[in-house]
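Engineer: Please see the structure below; I have some questions.
The values are calculated or read from the model by the stated rules, or taken from the named source; none is laboratory data. Worth saying up front: this structure is predicted, and the values here are computed from it rather than measured. Note that each Cβ is placed from the backbone with ideal geometry, even for glycine, and that neighbours are counted across all protein chains shown. These area figures cover heavy atoms from the full protein model, side chains too; ligands, DNA and RNA do not enter into them. Shrake-Rupley method; radii C 1.70, N 1.55, O 1.52, S 1.80 Å.
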Amino acid sequence: MEKQNQNQKEPLVRQSNQSYQINNAAKAENLQQLIYNQPANQAAPVKPNSQGSSQLNANPYFNQGSARPSYYSPYVPKKKTPEYIAFKNRVISVKGLAITILSIIFCILFTETIFFGAAGISVPIMTIAFEGILFYSFKEKEKALSKTGVYTAVPIILLAMSFFIHYNPSTQFITWLTIIGLFCIQIISLSDIRVNGIFTLDMFIKAIENLFARPFSNFIVPFNSFKLLKNTKSKNYKNTIYILIGLMLSIPIAAILMVLFMSADAVFAVAMENITDFLGLDFKIIFWDIVLGTIFGILLAAMLTGLKYNEEKQASPAKIGDNIEAIIVGTFLTIINIFIITFVAFQFVYLFGGTVNITASDMTYAEYARRGFFELSTASGIIFAIALFVLIMTKKKDGRLSLWIKLATVCLCLCDGVLLISAVKRMLLYVNVYGLSTKRTLTLWFMAIIGLCLLWIIVKCYAIKIDVMKWIGITVIIGVCILSLTNTERIIANYNVNRYLEGTSETYIDINYLGNLSYTVVPEVARLMDLDKKHAGLKSIMESQQYKLSHRHRIYGFTLDQIKVSAILDKKLN
């Protein structure tokens, strides 16, 4: 019985083993294709072992055909793809080499004049130079430059000129941010990358990707442009490039030797210090100018060559908006409007009460203005964002907003306008009592910008085809240009001095605050000194401003208002 049962089980075991072996054969064939990328009807390559015999011939299943997995795609490193190789070859050109050298030279000069120097006349000069590099890089004989890229140069140069006209460090951070943003828009426009609007999220994403991320992945590409020197037959061209490279390499070594020679010889040190003081040079910084400028220059060249020569397909512009049902938005706006209208109606006296509310609530002017400003400005910002979001995201019927959405959005903007007017009134009341300051001026400027943008949103409700983001962006740019080209600190000082001279005996002026402003306020401080020449505080302010002016770079940080300021300081302190 046991033998009979055993004989009956043997066929089942053999059948199971055969099935197991067939499955293993299929797996081995798939593994073969993954490793050697062989077609299904070809045998795997034979790898001999140390004895010269085949390792794979012993397994017959490696020679059996099997279908390749449909999901498999062989991995090819990016640097070995035909597109990337063609991209590197296109960089090997006269223009590619020129872009690389110009980028490095520009960044070295930028590091010396602005990064380690001072923001004055250096800013418009370097801006014009950079604009020249951009137009040269993207200019083609058979193709005109992007109009958006060309027109963007106008506000960029205007903003750069503000650094030369006057010195206003309290507002320069806004100017710098705007210049950087405009340069991003200009470069993307010149490179003909498809975007869904100038002032859109798609533009922001494309700028981050192409201007800040890809230069690091293409960091080695600019070096390929120097291969042109091997291929060119012009000795003059080669010699010119070699001379430039020699100059760049010699400058840091010369700076190090100069420092050593100045330490070794006192007479030589005095002579060189007089020359360097006049030119505003520091040999200790020149070394870092070369190092950092070269690194930044390679990144800039990688960005420009990548945008010009890389023909990699860009993702289609992402279209955002028109995906929320109108009934949802209408219900939402109705509730928000009821709440805001109720708030404005019940708080109307509080919002516009002015000095009556201050007396009744026993608050100081500062407490009243600050309380009202932070409440109303925050609410205004939220309401503005809601109105803009509604216009962009609401579904349109036949390209139009429903009457319900239009009226609700207009009502929302009008209520926001009421809050803005109230906030402005509070701030003007505060200024009338305590005078102007940088923060108060920027507050009024910012609320004016929001008010103008609200008007564009109202227009958008009835002229749905206009690009509201474009006109809001243009409004902001014009506002920043006005702020930057205006000598804000001089206006603040002038207002406070006039208020003090024309005011009553109870009117006072914060002299310490005037001292914290830049040297551009010296003419206004001089008017106060004419009333009291022996005032120790005013003389101290003049001495402090003279110290600030003397420690700015004579060339890089030169501004037009320095001429008048220097004459007044020499007259009042000497």
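Engineer: For the range 452-486, how many residues are of a type in the set (Gly, Ala, Ser) and at pLDDT below 90?
Structural biologist: Going through the range 452-486 one residue at a time, the tally reaches 1.
Engineer: Inside the range 164-213, can you point out the residues that are among the charged types (D, E, K, R) and surrounded by 17 or more Cβ atoms within 10 Å (Cβ to Cβ)?
Structural biologist: Asp202, Lys206
Engineer: Restricting to helices (runs of 4 or more DSSP H) lying wholly in the range 401-520: which have 1 or more residues that are farther than 28 Å from Leu182 by Cβ and among the acidic types (Asp, Glu)?
Structural biologist: Those helices (runs of 4 or more DSSP H) span 488-502.
Engineer: Of everything in the range 99-146 that's closer than 22 Å to Leu177 by Cβ, among the β-branched types (Val, Ile, Thr) and open to solvent by 20 Å² or more (accessible area, probe 1.4 Å), which residue is farthest from the chain's Cα centre (by Cα)?
Structural biologist: Ile121
Engineer: Kindly indicate the residue of the range 508-555 that is polar (S, T, N, Q) and buried (at least 16 other Cβ atoms within 10 Å of the Cβ) and also farthest from Val497 (Cα to Cα) among those meeting that condition.
Structural biologist: Gln546
Engineer: Would you mind stating whether Ala379 is modelled with pLDDT of 80 or more and part of a helix (DSSP H, G or I)?
Structural biologist: Criteria not met by Ala379.
One line per residue, one yes/no per condition, for (1) in a loop (DSSP other than H, G, I, E, B); (2) among the hydrophobic types (A, V, I, L, M, F, W, C):
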{"residue": "Arg90", "(1), (2)": "no, no"}
{"residue": "Ile128", "(1), (2)": "no, yes"}
{"residue": "Leu145", "(1), (2)": "yes, yes"}
{"residue": "Gln186", "(1), (2)": "no, no"}
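Engineer: Only one of (1) open to solvent by 50 Å² or more (accessible area, probe 1.4 Å); (2) more than 20 Å from Tyr151 (Cα to Cα) fails for Leu229. Which number is that?
Structural biologist: Answer for Leu229: the failing condition is (1).
Engineer: A follow-up question, please. With Leu304, Leu351, Leu391 as the choices, which residue is modelled with pLDDT under 65, buried (at least 19 other Cβ atoms within 10 Å of the Cβ) and assigned to a helix (DSSP H, G or I)?
Structural biologist: Leu351
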